[in-house]
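The values are calculated or read from the model by the stated rules, or taken from the named source; none is laboratory data. A quick note: this is a predicted structure, and the numbers were derived from the prediction, not measured. With ideal geometry, Cβ positions are generated from the backbone for all residues, glycine too; neighbour counts draw on all protein chains shown. Please note that ligands, DNA and RNA were not included when accessible areas were found on the heavy atoms of the full protein model with its side chains. Shrake-Rupley method; radii C 1.70, N 1.55, O 1.52, S 1.80 Å.
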Amino acid sequence: MKRARQSILSCIYAHNCWGGIESWLKEMIHSFEDADWSTSLAVARGKRRIDVESFARSFGATDVKEIDDRTGIHEGRIAATTALLRRVKADVAVPLNQAHLARADGRAKREGAVMRLV
């Protein structure tokens, strides 16, 4: 019996496309795709200096989600990230400089989510 395809969601800010974390993430996304994982990239959109589209293009990502971080407050970021987790229902989530994902993961798990947080 063939195992169900696993999914991974990587969550990151969008203000910087070229750095160590970004290079690692680009390589990781493509490695998971090569291993037949379903990959999604969630990019946080803030109030300024954020270009989600350019960031996604630089990664060559095909499935890009947006986290609306424009509220500028802690609770707004958690709520936006929780809403994303409810929609995506990934098997694994990887927060990269996205501390709000841990709180959002806790809320989603109280509602029955089974995602693993890396």
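Considered as a group, the residues in the range 64-73 that are more than 16 Å from residue 97 (Cβ to Cβ) and hydrophobic (A, V, I, L, M, F, W, C) include one that is surrounded by the most Cβ atoms within 10 Å (Cβ to Cβ), and that residue is 64.
One line per residue, one yes/no per condition, for (1) within 17 Å of residue 113 (Cα to Cα); (2) crowded, with 18+ Cβ neighbours inside 10 Å; (3) without any contact (Cβ under 8 Å) to a residue 40 or more places away in the chain:
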position	(1), (2), (3)
39	no, yes, yes
44	no, yes, no
47	no, no, yes
62	no, no, yes
75	no, no, yes
82	yes, yes, yes
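On inspection, residue 90 passes the criterion of being in a loop (DSSP other than H, G, I, E, B) and open to solvent by less than 40 Å² (accessible area, probe 1.4 Å).
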